[in-house]
Each structure stands twice: as structure tokens, then as C-alpha cells.
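> If you scroll down you'll find the structure; I have some questions about it.
The values are calculated or read from the model by the stated rules, or taken from the named source; none is laboratory data. Everything quoted here is computed from the prediction, not taken from an experiment. Cβ coordinates were reconstructed from backbone atoms using ideal geometry, including for glycine residues, and neighbour counts include every protein chain displayed. Heavy atoms of the whole protein, side chains included, go into the accessibility calculation; ligands, DNA and RNA do not. Shrake-Rupley method; radii C 1.70, N 1.55, O 1.52, S 1.80 Å.
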Amino acid sequence: MKIPFDQVVAKAEEYKDDMTRFLRDMIALPSESCGEEAVIKRIKEEMEKVGFDRVEIDPMGNILGYLGRGKHLIAMDAHIDTVGIGEIKNWKFDPYKGMEEGDVVGGRGASDQEGGMAAMVYAGKIIKDLGLEDDYTLLVTGTVQEEDCDGLCWQYIIEEDGIRPEFVVSTEPTDCRIYRGQRGRMEIKVETGGISCHGSAPERGENAIYKMAPIVMELRALHENLKDDDFLGKGSLTISQIFHKSPSRCAVADGCTISIDRRLTWGETWEGALQEVRNLPAVKEAEAEVSLYTYERPSWTGLVYPTDCYFPAWKLEEEHPACRTLVDGYRRLFDREPVVDKWTFSTNGVSIMGRHGIPVIGFGPGKEEEAHAPNEKTWKSHLVTCAAMYAVIPGIYVDEHCD
């Protein structure tokens with residue numbers, strides 16, 4: 001099939017206002033993790049309006065929109081849940097009313113990552129308008145709970161819905177660059193125990209917070225000595241939370257817990273990361289318990305799908321057909337070379353490729369630094385660029401790069 005690349009770009013530009021309106025509608029519907037019902041239903045309405053062949057909502061609450069009936073299943077994914085708004089005083093505009101000024105669209109979810117959904121849906125319309133269907137089925141997913149537990153939605157899609165695409169395009173923000181990997185992560189809990197007594201005579205007890213103090217300092221030192229990778233970069237850790245147990249403010253603490261955000265580079269494992277912490281002298285001396293957190297919050301449909309909070313690193317080789325497909329598409333659409341890089345943060349790729357070995361490649365509107373920040377924004381020109389790319393990816397892959 002000969003793809004009319006100039007017409008694809010023109011169509012994407014034609015639908016810029018429609019994508020902007022759709023994105024602003026999504027922004028206006030608060031959709032923090034486990035509360036995405038309203039935005040899922042709004043996406044369903046737009047998918048049906050532009051002509052998707054089939055639209056379903058699975059038992060977890062993910063929306064699945066299908067175009068075509070060819071033998072090659074290709075998926076494109078946007079998580080459509082958001083984080084909260086944080087300190088409202090840091091916002092210059094209402095995060096849900098949003099803002100629109102020139103090329104800029106603002107609001108919670110603009111970059112992370114409802115802009116990707118807007119561009120995917122209108123890529124589907126471009127495919128329909130220009131007759132770009134081929135021997136492929138395009139699956140467009142709007143996934144839930146990613147901000148709470150990245151990849152859980154795709155664990156469910158793969159393991160319970162029984163869906164295995166040949167590859168997945170993640171539309172997380174990449175500043176319209178091609179991203180082919182990310183570090184993994186895990187959430188570690190360290191617990192120390194003590195013996196409570198009256199605070200007026202602390203020598204009668206055993207303070208769990210004091211036991212934790214040297215562990216904190218040894219963790220800080222451990223961070224400096226973690227494994228590095230030429231592409232994904234260095235592993236890291238930080239203490240993200242601290243909790244205590246005590247009968248009162250006038251008593252010695254008999255429990256202390258810290259949470260560790262551990263980023264895993266290529267070649268690191270969750271078992272190894274736990275063992276590094278268990279091997280610390282202060283952990284051994286305190287007889288501290290080191291474990292993985294688990295995630296068990298119900299989705300907006302009420303479904304609970306428990307998982308360990310371990311999210312593997314992944315990377316796709318530059319010569320993989322999925323990566324070559326995106327590079328070729330970018331060159332032909334925009335007559336320039338793309339930047340090929342990686343994410344700093346984590347995506348649903350931890351499950352799709354990290355756990356299940358399904359290739360992932362990234363291309364999305366918006367910028368990483370906008371994610372989770374006040375005054376979050378994206379750019380209409382990014383929506384146009386991404387809609388054009390998403391419209392040509394399946395055809396290029398089927399015609400030139402799949403076996």
C-alpha cells in the first residue's frame with residue numbers, strides 16, 4: 001500500500017481543533033487512579049464518533065478500541081488516569097478547567113498523558129478517511145491505574161483478556177522523540193521493631209526510630225554505588241516515606257517503617273535489590289525486615305488484581321522492526337531525522353515488555369518534565385505530529401518490517 005504522507009500530515013492538521021477540544025474535555029473530568037469512569041466513558045463516545053469498528057470496556061475498566069480485522073495485531077496505549085493536583089496555590093490556572101493559549105493546552109493530564117489518547121483516536125479517523133487499512137488490526141487502549149501501579153492494566157490485558165499484540169506503541173510524553181527503553185523500579189519496605197516505655201525514662205525501652213537511623217545513612221551510601229548501564233543509565237534509590245508506631249507522643253517508638261523508591265537499570269533484579277538492602281550492616285544489626293510492597297486497590301469497576309510492586313527495566317534494540325518502523329515513518333512524514341532516546345520515568349512498558357516480552361516503542365506528545373507538575377501543559381503541534389505518526393505506523397510495519 002502506498003501511503004500518502006503529505007495527505008496524512010494535512011489531515012492531522014485539519015483535526016487539530018477536534019483533538020484540542022477532546023483533550024480539554026478529558027482534562028475537565030478528574031480521573032485520578034481508581035476514579036477514571038467518567039473519562040473512560042468520554043473516550044468511548046469519541047471513539048464511536050470517529051468510526052472505530054469496535055469499542056469495549058474490560059472488567060478492570062480499560063477501554064479497548066479496534067480498527068480493522070487484519071492478522072497483525074498492533075496496539076497503541078495511553079494511560080488515562082492522572083495524579084492529583086498537589087498544592088493548588090502552585091497553579092496559575094484551574095487544573096480541571098484548564099487553559100488554551102496559542103499552541104499551548106494546559107491542565108492536569110495534558111502531557112501525562114491524555115494528549116496521547118486524543119492523538120490516537122484521531123489517528124484512527126485519519127486511517128478511515130484515507131483508506132489506510134491493511135492486513136492489520138489496530139488496538140487503541142485507554143488504560144487505568146497506571147499512576148498507582150504502572151503496568152498493572154497491561155498485566156490484566158495480557159493475562160486475563162488474553163491479548164498479545166506484535167508490538168505496542170506507548171504514547172507517554174516523549175517530546176515527539178522515539179523512546180526505546182526505561183529503567184525499572186520497585187517499592188521496598190524496611191521495618192524495625194522496638195519496645196515501648198514511658199518517654200520520661202527511655203532507657204527502659206528500645207527505640208525503633210534509633211534503629212532505623214543508621215539504616216537511612218547506609219541506604220544513602222548504597223545509592224552512590226549501584227550498577228550503571230550505557231543506555232538506560234544508573235540504578236538509584238531514595239527514601240520516599242517514613243512512618244512510626246508509638247503508644248503516644250510521650251512514649252518510645254516501638255515500630256518504624258521506611259519506603260524506598262528503587263530504580264533498576266539493565267541487569268538488576270528485584271531479588272538482588274532486596275538482598276543489597278538486607279546485606280547492609282545496620283539492617284542486620286537491627287534485625288530489620290526487608291520486603292516488597294504489594295498493590296491491591298480496586299479499580300473503578302471494583303475489580304481487585306493484586307500484584308507485587310516490582311516493575312522490570314526494558315529496552316528495545318534500535319534494529320528491531322518496531323523501532324525501524326517509527327524511524328522510517330518520522331523521516332517520510334517530516335523529512336528530518338528523529339531523536340531516538342529513553343524515558344527517565346516508568347511506563348506501562350514494565351509489564352508489556354518487562355514482564356511479558358512484548359516489544360514496546362514510545363512516541364508521544366508533551367514533555368516528561370510536565371508530568372506531575374503544577375501548570376502541566378502540552379502543545380497542539382505535538383498532537384498533530386503524533387496523530388500523523390500513529391496513522392502511518394501500522395501500514396509501514398505490515399508492508400515493510402514484519403516477517
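> State which residue is most open to solvent (accessible area, probe 1.4 Å) when the search covers only the stretch 367-382 and only residues that are in contact with a Ser or Thr (Cβ under 7 Å, 6 or more places away or on another chain) and more than 15 Å from Met99 (Cα to Cα).
The qualifying residue most open to solvent (accessible area, probe 1.4 Å) is Lys367.
> Please work out if Thr269 is under 30 Å from Gly35 (Cα atoms), open to solvent by 20 Å² or more (accessible area, probe 1.4 Å) and of a type in the set (Ser, Thr, Tyr).
Considered against the rule, which asks whether it is under 30 Å from Gly35 (Cα atoms), open to solvent by 20 Å² or more (accessible area, probe 1.4 Å) and of a type in the set (Ser, Thr, Tyr), Thr269 comes out as no.
Residues are listed down the side, and each one gets a yes or a no for (1) hydroxyl-bearing (Ser, Thr, Tyr); (2) over 12 Å from Thr174 (Cβ atoms); (3) assigned to a helix (DSSP H, G or I):
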| position | (1), (2), (3) |
| --- | --- |
| Met353 | no, yes, yes |
| Gly357 | no, yes, no |
| Pro365 | no, no, no |
| Ala373 | no, yes, no |
| Ser381 | yes, yes, yes |
| Thr385 | yes, no, yes |
| Gly395 | no, yes, yes |
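For (1) surrounded by fewer than 20 Cβ atoms within 10 Å (Cβ to Cβ); (2) free of Cβ contacts under 8 Å to residues at least 12 places away in the same chain; (3) of a type in the set (A, V, I, L, M), each residue gets a yes or a no:
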position: Met117; (1), (2), (3): no, no, yes
position: Glu133; (1), (2), (3): yes, no, no
position: Val140; (1), (2), (3): no, no, yes
position: Val144; (1), (2), (3): no, no, yes
position: Asp148; (1), (2), (3): yes, no, no
position: Asp161; (1), (2), (3): yes, no, no
position: Arg180; (1), (2), (3): no, no, no
position: Glu191; (1), (2), (3): yes, no, no
position: Cys197; (1), (2), (3): yes, no, no
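Per-residue answers, yes or no, for (1) under 34 Å from the mean Cα position of the chain (by Cα); (2) in a loop (DSSP other than H, G, I, E, B); (3) among the hydroxyl-bearing types (Ser, Thr, Tyr):
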residue: Ala213; (1), (2), (3): yes, no, no
residue: Leu219; (1), (2), (3): yes, no, no
residue: Asp229; (1), (2), (3): yes, yes, no
residue: Leu232; (1), (2), (3): yes, yes, no
residue: Leu237; (1), (2), (3): yes, no, no
residue: Ser259; (1), (2), (3): yes, no, yes
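> Can you tell me which residue within the stretch 325-339, out of those that are surrounded by fewer than 17 Cβ atoms within 10 Å (Cβ to Cβ) and either in contact with a helix residue (DSSP H, G or I) (Cβ under 7 Å, 6 or more places away or on another chain) or free of Cβ contacts under 8 Å to residues at least 12 places away in the same chain (or both), is nearest to Tyr179 (Cα to Cα)?
Among those that are surrounded by fewer than 17 Cβ atoms within 10 Å (Cβ to Cβ) and either in contact with a helix residue (DSSP H, G or I) (Cβ under 7 Å, 6 or more places away or on another chain) or free of Cβ contacts under 8 Å to residues at least 12 places away in the same chain (or both), it is Glu337.
> Let me ask something else about it. Would you be able to tell me the number of residues in the stretch 63-105 that are in contact with a Gly (Cβ under 9 Å, 6 or more places away or on another chain), over 18 Å from Gln145 (Cβ atoms) and among the β-branched types (Val, Ile, Thr)?
1
> So, Arg331, is that one under 30 Å from Glu400 (Cβ atoms), outside any helix (DSSP H, G or I) and among the basic types (Lys, Arg) or not?
no
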